[in-house]
Each structure stands twice: as C-alpha cells, then as structure tokens.
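Just below is one structure, and these are the notes that go with it.
The values are calculated or read from the model by the stated rules, or taken from the named source; none is laboratory data. In this text, all values refer to a predicted model and were calculated from it rather than measured experimentally. Heads up, the Cβs are rebuilt from the backbone with ideal geometry, glycines too, and the neighbour counts pull from every protein chain shown.
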Amino acid sequence: MIKSAIVIIVALIVQWSLVQPGYQNDHHLLSSLSVSSSSTSMEHLDVVITGVTAGLGKELTSVLMESGATVYALARSKGKLDKLGEEMKDKKGKMIPIVCDLQDMTSVSKAADVVLEGVGLEGKIDYLINNAGMHYGNPFDTKSIDIAASKSDGMDKLFVTNYLSHFLLTKKLLPTIKNMVVQVSSSYHWQSDGDMLKVEPSNDTSVPSMPMAARGDFYDFNHRHTSYGNSKLAQVLHAKALARRLEKEGSGVRVVSVCPSWAATDIAPEGFFRWFVQTFAFSPGQGIYSALMAMFRPEVKSGDFVGNTEIVPIAAPYISKNLSINGVPLRGFIMDAAAQVLMMLQRFNFGWYIVGTSPESNDVGLQEGLYEWSEKAVEKYVNVA
Ligand SMILES: NC(=O)c1ccc[n+]([C@@H]2O[C@H](COP(=O)([O-])OP(=O)(O)OC[C@H]3O[C@@H](n4cnc5c(N)ncnc54)[C@H](OP(=O)(O)O)[C@@H]3O)[C@@H](O)[C@H]2O)c1
C-alpha cells in the first residue's frame, strides 16, 4: 500500500510538472504522421462509422472525408446528423447520414439495411468502425439512471450500446465487408475478470439465460462499476472469436480492437472530472491514431489490439478487478488509483503500438460462449423489415 501511494505521488508530480495542461486539436499531426504512407487510395474507400456526432467518431469522419473517403455516418440523432452534414460539406469525401440508435436493435438492423441498399449487391464496405460508446459515470449513482434498454429486451443499455448492437451490425454487414472490422474498445477491458460475461443457465424460468453484464435489472454498485469494462472486454472477445472464424473460412477480412487511451471527448462525465481528464488526455486527433494505424498499417493482424501509447497497457493490468485484494479491503481501490495515475503519463509516449490484452480476453471458452449467446440474442433482430 505504501509502495502504491509512492507511485501515485511521484507520477502526479511528474505529470503536473512536465506535461502541458490543456489540449489542442491537431489535425495536421495526422497528416505528418499518418496515413499518407498507406498504399490505399482513400478516394475509393467506403467506411461505416457508428457514433459520428461527437468525439472520436466525429474526428474519424472528418479525417477520412478530408482524404476523400465515403463515410456511412451512423448516429441516433437526425438533428445532430444534419448539423454534422453541414460541417462536413466542404470535405473532399461524401457523407451518407443514417439514423441508428444503438439502444434499439430494431433501429440498428434497419440502419444496416440502409447501408446494404446504399452499397448495392456488387458493392463493398472497406471498413466498419464500431466506435459509438457510453459510460454510466459515477458508479455510486445506482438510482437515477434507468439501465434497461426498453427497445432491446430490457437488457442493460450500456451492454447493448457498446457491445451487442455492434455485434448485430457486424453480423449484418459482414458479407459486404472487404477489409476490416475495427472495434473501438479500451484498455479498461482489463477491469473485467470476465465472470459477468459468462452465460450462466438461469434457474428462474422468467429470466432468460444471459450473462450478468447483459441484465438490465441490476442496480448495484458492482454492476455499475464494472459495466464499462465488461462491455469493452466483450468487444475484444468478439473481435478474437470473429477473427478466428474468418481465418478458418480463408477470408481476408481482419478484425482488430483499438484503444484511443484517455482522449478529450464527451465520454468523461461533465464537470470537474472531464476538466481533470483533459489536463493529460490526448486530443481527439491523437485519440483516433490507433484506429487509423490499425486500418492502414499492413502489419496489423486480425485479432490484434492497437494502442497509441505503451503506458496505458503497461498500467492497465493493475486496474482493479476487485475492490479488495487477498481479503484486504480497499487494496483494489489503491491499486486502481496507482494504475490510473500512471496512465496520466501517456503523453510522454505517443505513437502506435500493437499491445497485449488481458488473460480473460484470450480465454477461448469465454470468447465462444459469449459469441454463441450473442448470435442467439440478436437473431430476432436480423430481419426486421
Ligand atoms: N475518450 C476516451 O478517453 C476513450 C478511451 C477509451 C475508449 N474510448 C471509446 O471510444 C469510443 C468513442 O467514445 P468518445 O470518447 O468519442 O465518446 P463521446 O465523445 O461521448 O462520443 C460517443 C459517441 O457515441 C454516440 N452514442 C452514444 N450512445 C449511442 C446510441 N445509443 N446510439 C448511437 N450512438 C450513440 C454518441 O452520440 P450522441 O452525440 O447522440 O450522444 C457520440 O456520437 C467509445 O466506444 C469509447 O468507449 C474512449
């Protein structure tokens, strides 16, 4: 405990004394580092992106359209899509706005149909970027947010938004995908020990068998605390299971997970915490670097996990899975705090890196169990016309 406290203090001092506070939006950073080395001509690329109205999705849309790509822009709000269309209208590429609410799997299925109609029978999608995401924020606030997604079988909203809807979208678009599925996951997948993603048979006939993380009727601290980590692990498990299937079929489509590290977007709860994160966060332009490198670097293999710093994955294994460790209460909290403080040093090490993922993410049984359950859970939403 003393060691962890020392790590926290030293890292805080280094962070605040050496790293410039605030962040800049640095589009040009990308042109100098980036995609130009790729042999792919962007003008002929068709890319589907979810969650384009803010943060990393908006940045990706902007950068890809600037280079001439056609972006099928999926978002839940028509008003925000119209506004985005206005902002993007002078870009070289084309934006095709499509309404898609990831808390509603019928809406997801219909959005996929619109994409399929758009590309036509002979058409193709080069990249699907499963980006949209949410966070519940304060885990102590277990009462004021209704966590059940009423239009998706009452399952947990965050699980449906971050993971299951993307599973459905990927399933429907897969026949037209030519190059890659990108899962915008997070090093926070280390927070999940995978237990809540195991499909336990239910003894209660009124409750279908499903992973605990999918249930929308738990309002306790632990469910809230681990929900984001569970959804991000679910995305990595999905990527690895799908990568294995595609490889077996001899498909050239790769499935890659990425972490943007801490990036200055709207995902952090508003107020002091968001301000605080922005003192050390990457800009959105730097945040999307891992996704762009995953897409355009040929050395990235299916099943890989790409980050934009090595510091976050080095610290991530110490993110607490449990609040008490070896029976010592609060030890988990302290380890967690130490890991998070170390992550604040991320800006010293910006780049692109293929990094390791948690042991749970490599558990083939867990990957397959969740994949097979998800296939069944989305089945009735595949054809909704
Ligand atoms: N920023 C970070 O530090 C960080 C770190 C690791 C991973 N990530 C991951 O990066 C991804 C993008 O997050 P961000 O940081 O860019 O967050 P953000 O600024 O909050 O943007 C999230 C986007 O997702 C959309 N979205 C949320 N719920 C949706 C729903 N039900 N249906 C359709 N779209 C929905 C939002 O739409 P609205 O505009 O309508 O709300 C918004 O466009 C997420 O998957 C997140 O987990 C972020």
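Pairs under 6 Å by beta carbon, first residue closer than 16 Å to residue 362 by Cβ in the range 187-204, partner assigned to a strand (DSSP E or B) and more than 16 Å from the ligand (Cβ to nearest atom), six or more apart or different chains?
Note: pairs meeting the criteria are 197/211.
For the range 122-132, give me each residue that is in contact (Cβ under 8 Å) with a residue 12 or more places away in the chain and surrounded by fewer than 17 Cβ atoms within 10 Å (Cβ to Cβ). I'd like the intermediate steps shown before the answer.
Of all residues in the range 122-132, those in contact (Cβ under 8 Å) with a residue 12 or more places away in the chain come to 123-132.
Answer for the range 122-132, where residues must be in contact (Cβ under 8 Å) with a residue 12 or more places away in the chain and surrounded by fewer than 17 Cβ atoms within 10 Å (Cβ to Cβ): 123, 124.
Of all residues in the range 258-274, how many are on the phi > 0 side of the Ramachandran plot and among the hydroxyl-bearing types (Ser, Thr, Tyr)? First the steps, then the outcome.
Step one: filter the range 258-274 for residues on the phi > 0 side of the Ramachandran plot, giving 261, 271.
Restricting the remaining residues to those that are among the hydroxyl-bearing types (Ser, Thr, Tyr) gives 261.
Summing the residues that are on the phi > 0 side of the Ramachandran plot and among the hydroxyl-bearing types (Ser, Thr, Tyr) in the range 258-274 gives 1.
Say we look at the range 174-194 and pick out the residues that are more than 16 Å from the ligand (Cβ to nearest atom) and at pLDDT 95 or above; which of these is surrounded by the most Cβ atoms within 10 Å (Cβ to Cβ)? Walk me through it before giving the result.
Quick first cut of the range 174-194, residues more than 16 Å from the ligand (Cβ to nearest atom) only: 174-180, 193-194.
Next, from what is left, pick out any that are at pLDDT 95 or above: 174-180, 194.
Details: 174: 17, 175: 9, 176: 21, 177: 21, 178: 14, 179: 19, 180: 21, 194: 25.
Result: 194.
Do you know which of the residues in the range 302-326 that are touching a Phe, Trp or Tyr at 6+ places or on another chain (Cβ under 7 Å), farther than 22 Å from residue 56 by Cα and not β-branched (Val, Ile, Thr) is surrounded by the most Cβ atoms within 10 Å (Cβ to Cβ)?
Applying the filter and picking the extreme gives 320.
Looking at the structure I just gave you, is residue 31 modelled with pLDDT under 95, under 30 Å from residue 297 (Cβ atoms), surrounded by fewer than 17 Cβ atoms within 10 Å (Cβ to Cβ) and not basic (Lys, Arg)?
yes
Applying the selection to the range 133-170, what residues are surrounded by 20 or more Cβ atoms within 10 Å (Cβ to Cβ), among the hydrophobic types (A, V, I, L, M, F, W, C), within 12 Å of the ligand (Cβ to nearest atom) and at pLDDT 90 or above?
Hits for the range 133-170 are 158, 159, 160, 164, 169.
Could you grab me the full set of residues in the range 351-385 that are more than 30 Å from residue 298 (Cβ to Cβ) and either surrounded by fewer than 17 Cβ atoms within 10 Å (Cβ to Cβ) or free of Cβ contacts under 8 Å to residues at least 12 places away in the same chain (or both)? Before the answer, list the steps.
Filtering the range 351-385 for residues more than 30 Å from residue 298 (Cβ to Cβ) gives 365, 369, 372-373, 375-385.
Correct list: 365, 372, 375, 376, 379, 380, 382, 383, 384, 385.
Looking at the structure I just gave you, is residue 227 assigned to a helix (DSSP H, G or I), buried (at least 24 other Cβ atoms within 10 Å of the Cβ) and not basic (Lys, Arg)?
Answer is yes for this residue.
Name the residues in the range 226-263 that are under 18 Å from residue 374 (Cβ atoms), within 13 Å of the ligand (Cβ to nearest atom) and β-branched (Val, Ile, Thr), would you?
Result: 236, single match.
Could you give me the residue pairs with C-beta distances under 7 Å whose first residue belongs to the range 97-120 and is more than 18 Å from residue 214 (Cβ to Cβ), whose second residue is of a type in the set (Asp, Glu) and within 13 Å of the ligand (Cβ to nearest atom) wherever it lies, and which are 6+ apart or on separate chains?
As it stands, the answer is 107/101, since those pairs meet every condition given.
Name, by its number, the condition in (1) modelled with pLDDT under 90; (2) over 25 Å from residue 131 (Cβ atoms) that does not hold for residue 343.
Condition (2) is where residue 343 drops out.
Being within 11 Å of the ligand (Cβ to nearest atom), without any contact (Cβ under 8 Å) to a residue 60 or more places away in the chain and not in a loop (DSSP other than H, G, I, E, B) is the filter here, so list the residues in the range 264-304 that pass it.
274, 277
So which residues in the range 140-152 are outside any strand (DSSP E or B) and in contact (Cβ under 8 Å) with a residue 12 or more places away in the chain, if there are any at all?
Quick first cut of the range 140-152, residues outside any strand (DSSP E or B) only: 140-147, 150-152.
Matches in the range 140-152: 140, 141, 142, 143, 147, 151, 152.
So if I check each of 247, 270, 299, which one is over 21 Å from residue 173 (Cα atoms), of a type in the set (D, E, K, R), surrounded by fewer than 21 Cβ atoms within 10 Å (Cβ to Cβ) and modelled with pLDDT of 90 or more?
Just a single option satisfies the conditions, and that option is 299.
What is the residue count in the range 305-316 for residues that are among the polar types (S, T, N, Q) and more than 11 Å from the ligand (Cβ to nearest atom)? I'd like the intermediate steps shown before the answer.
Initially, the range 305-316 is screened for residues among the polar types (S, T, N, Q), giving 308-309.
Going one step further and asking which of them are more than 11 Å from the ligand (Cβ to nearest atom), we end up with 309.
Qualifying residue count for the region: 1.
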